[in-house]
1. Where the centre of each part is set by its Cα atoms, how far does segment 291-357 sit from segment 69-90, in angstrom?
2. Under 1.5 on a/c is rounded, so check that first for segment 278-328, then, if it is not, pick prolate when a/b is larger than b/c and oblate when it is not; a ≥ b ≥ c are the square roots of the alpha carbon gyration tensor eigenvalues.
3. For a quick protection proxy, order the peptides 246-254, 209-217 by their average other-Cβ count within 10 Å, most packed first.
4. For each pair in LYS94/LYS142; LYS142/LYS237; LYS201/LYS221; LYS201/LYS255; LYS181/LYS255, compute the distance between the two Cα atoms and list the pairs where it is over 23 Å.
5. To the nearest 0.05, what FRET efficiency results for ASP281 and SER224 with a Förster distance of 45 Å applied to their C-beta separation?
6. Assuming R0 = 35 Å, can you tell me the calculated FRET efficiency for the pair THR342 and ILE251, based on Cβ-Cβ distance, to the nearest 0.05?
7. Express in nm, to one decimal, how much length is gained between ILE350 and CYS171 on full extension, taking 0.36 nm for each residue of separation and deducting their alpha carbon distance.
8. So for SER224, SER93, SER321, fewest C-beta neighbours within 10 Å to most, what's the order?
Amino acid sequence: MVKFSGYSLISSFTPFHSVILKKQRRFSALDLYSNNSTKSRRTLSVFANKHQLRNIKTHTEMGVEQYRPPLFSVAPMMDWTDNHYRTVARIISKHAWLYTEMLAAETIVHQQGDLDRFLAFSPEQHPIVLQIGGNNLDNIAKATRLANSYGYDEINLNCGCPSPRVAGHGCFGVRLMLDPKFVGEAMSVIAANTDVPVSVKCRIGLDDHDSYNELCDFIYKVSSLSPTKHFIIHSRKALLNGISPADNRRIPPLKYEYYYALLRDFPDLRFTINGGINCVDEVNAALREGAHGVMVGRAAYNNLWNTLAHVDTAIYGAPSSGLTRRQVLEQYQVYGDAVLGTYGNGRPNIRDLIKVH
């Protein structure tokens, strides 16, 4: 056991056994082009009208308790976890928690005339978490208020993205871990402007600020200065010395021992583990080790069916839906027919819809 000032770190955790996944399967454009005229006009558009938005809000006001706990969640991924992906993910799994792509608070504030394009979603996507990013408290507050009418089940602040677009020029994302006092203030602002739970997604550190003691300092200050009780921990540090976001998911070593030490040292908080977990067997292994919840990223996108089709039964113990891949495609076709061109200028187009694996 490694000792730090005030905290001790278990260093003997055994990593999850890797599981070889089946080859990914990409949806075919032909599946979306085949028309089913009556069914295809069902109102599944994510760009909901006012009546639909009221339905979404009423659905949420019933309380988060109606959903299964977030034992399994799909990570927020820029350009990936959009409405199209979330729609097909929800067809496959009824209980996985879904996260939006990160939306900059400034984007929400400056796009008030076109908010549906960024924030609207179909009621079927619950439970769903909105992830926002930013470093301006006024804009964070305004963005939270604007998002309220859409009925998200939780609002999450991004403190983990290493992208130069975010951590560099924008000075938010993972850079916020260097200023836990500000993060605490930001989380208080978010909580003051919404009635749903709030959470933080972060790394275990960045660059040379990667000790367990520094991570504990961040968690302690944020949770002490705000109502934040849920942290999603990507169990790698971030390197901001010019490597790409893809390399930041590969080069820094995973340190699951940091995550499991947090469970022990902060028993009043809830922690979700993220990073390097690629299939349902590994999710269950983490839950058996005591993880409060597990977040899966690229595997839930690149191996959509192989991952999500087993979540409800293997993790939540729910009866199988019995859906086949063909039936999933048929339901997604209905959605695709409903939303083609609704952005204007021909977007989304067929390419946008079939990038989902």
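Where a number appears in this text, it was derived from the coordinates with a stated rule and is not lab data. Predicted model, so just to flag it, every value in this text is computed and none were measured. With ideal geometry, Cβ positions are generated from the backbone for all residues, glycine too; neighbour counts draw on all protein chains shown.
1. Centre-to-centre distance over Cα atoms comes out at 8 Å.
2. Cα axes put segment 278-328 in the oblate bin.
3. 209-217, 246-254
4. LYS94/LYS142; LYS142/LYS237; LYS181/LYS255
5. In this case the efficiency is close to 0.75.
6. That gives a FRET efficiency of 0.30.
7. 60.9 nm
8. SER224, SER321, SER93
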